[in-house]
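Peer 1: Before we start, here is the structure in question, set down as structure tokens.
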Amino acid sequence: MKINLTINGKSCEADVEPRLLLVHLLRDVEGLTGTHIGCETSICGACTVHLNGAAVKSCTVLAVQADGAAITTIEGLAQNGELHAVQEGFWECHGLQCGYCTPGMIMASCALLKDNPSPTESEIRHGLEGNLCRCTGYQNIVSSVQYAAEKLKTQA
Ligand code: FES
Ligand code: FES
């Protein structure tokens with residue numbers, strides 16, 4: 001099936017099998033390997049991207065379901081060479097160790113802060129509970145999101 005979508009601001013056309021998952025389109029067809037695959041069963045959140053601005057787990061979306069949509073991946077977050085506030089937060093607050101979960105954590109955090117620019121610690125923990133990290137114990141991730149929330153307020 002032919003599909004047309006926008007990925008990180010660029011128009012893309014692809015000829016895909018109906019069973020192809022969005023995460024495989026991104027990684028294997030478009031070469032955007034920043035989106036990771038952890039479980040392929042909707043548990044870990046490593047594959048989180050934005051579909052029309054909402055965070056989705058791209059292992060649970062078919063590529064054909066993204067026909068006509070705008071997708072943003074971790075590669076599309078930085079603008080003009082400047083890290084997004086959430087990326088900066090993960091850098092400054094040591095929100096990552098192995099980094100495997102990090103692209104998904106960051107994409108989920110961006111969507112969380114879009115919906116709730118001033119989340120409490122428990123709202124951050126609740127908002128990220130669909131994303132698993134096996135390294136950090138989460139405290140630094142929470143601090144990273146809090147850093148980003150403050151930074152985004154100064155940018156507004
Ligand atoms: S790979 Fe998609 S949720 Fe784990
Ligand atoms: S930093 Fe390693 S899984 Fe999260």
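Peer 1: Which one is modelled with the lowest pLDDT among residues in the stretch 37-49 that are surrounded by 15 or more Cβ atoms within 10 Å (Cβ to Cβ) and more than 12 Å from E75 (Cβ to Cβ)?
Peer 2: E40
Peer 1: Of the residues V86, V145, which is under 29 Å from L25 (Cβ atoms) and touching a Cys at 6+ places or on another chain (Cβ under 8 Å)?
Peer 2: Of the residues listed, the single one that is under 29 Å from L25 (Cβ atoms) and touching a Cys at 6+ places or on another chain (Cβ under 8 Å) is V86.
Peer 1: Applying the selection to the stretch 137-152, what residues are within 18 Å of the chain's Cα centre (by Cα) and either over 20 Å from L77 (Cα atoms) or among the small types (G, A, S) (or both)?
Peer 2: Listed by number, the residues that qualify are Y138, N140, S143, S144, A148, A149.
Peer 1: In the stretch 98-156, what residues are acidic (D, E) and within 12 Å of A85 (Cα to Cα)?
Peer 2: E150
Peer 1: Taking the stretch 100-127, which residues are surrounded by 13 or more Cβ atoms within 10 Å (Cβ to Cβ), assigned to a loop (DSSP other than H, G, I, E, B) and without any contact (Cβ under 8 Å) to a residue 24 or more places away in the chain?
Peer 2: Selection gives N116 alone.
Peer 1: Filtering the stretch 85-98 down to residues that are assigned to a loop (DSSP other than H, G, I, E, B) and free of Cβ contacts under 8 Å to residues at least 40 places away in the same chain, which residue is surrounded by the most Cβ atoms within 10 Å (Cβ to Cβ)?
Peer 2: This residue is Q97.
Peer 1: Is it true that C133 is assigned to a loop (DSSP other than H, G, I, E, B) and surrounded by 15 or more Cβ atoms within 10 Å (Cβ to Cβ)?
Peer 2: For C133, the condition - assigned to a loop (DSSP other than H, G, I, E, B) and surrounded by 15 or more Cβ atoms within 10 Å (Cβ to Cβ) - is met.
Peer 1: When the residues of the stretch 21-33 are narrowed to those that are surrounded by fewer than 18 Cβ atoms within 10 Å (Cβ to Cβ) and part of a loop (DSSP other than H, G, I, E, B), which ends up farthest from the chain's Cα centre (by Cα)?
Peer 2: Residue satisfying both the conditions and the ranking: G31.
The values are calculated or read from the model by the stated rules, or taken from the named source; none is laboratory data. Keep in mind that what you see is a predicted model, and the values were worked out from it rather than measured. Cβ sites come from the backbone with ideal geometry, for glycine too, and all protein chains shown count toward neighbours.
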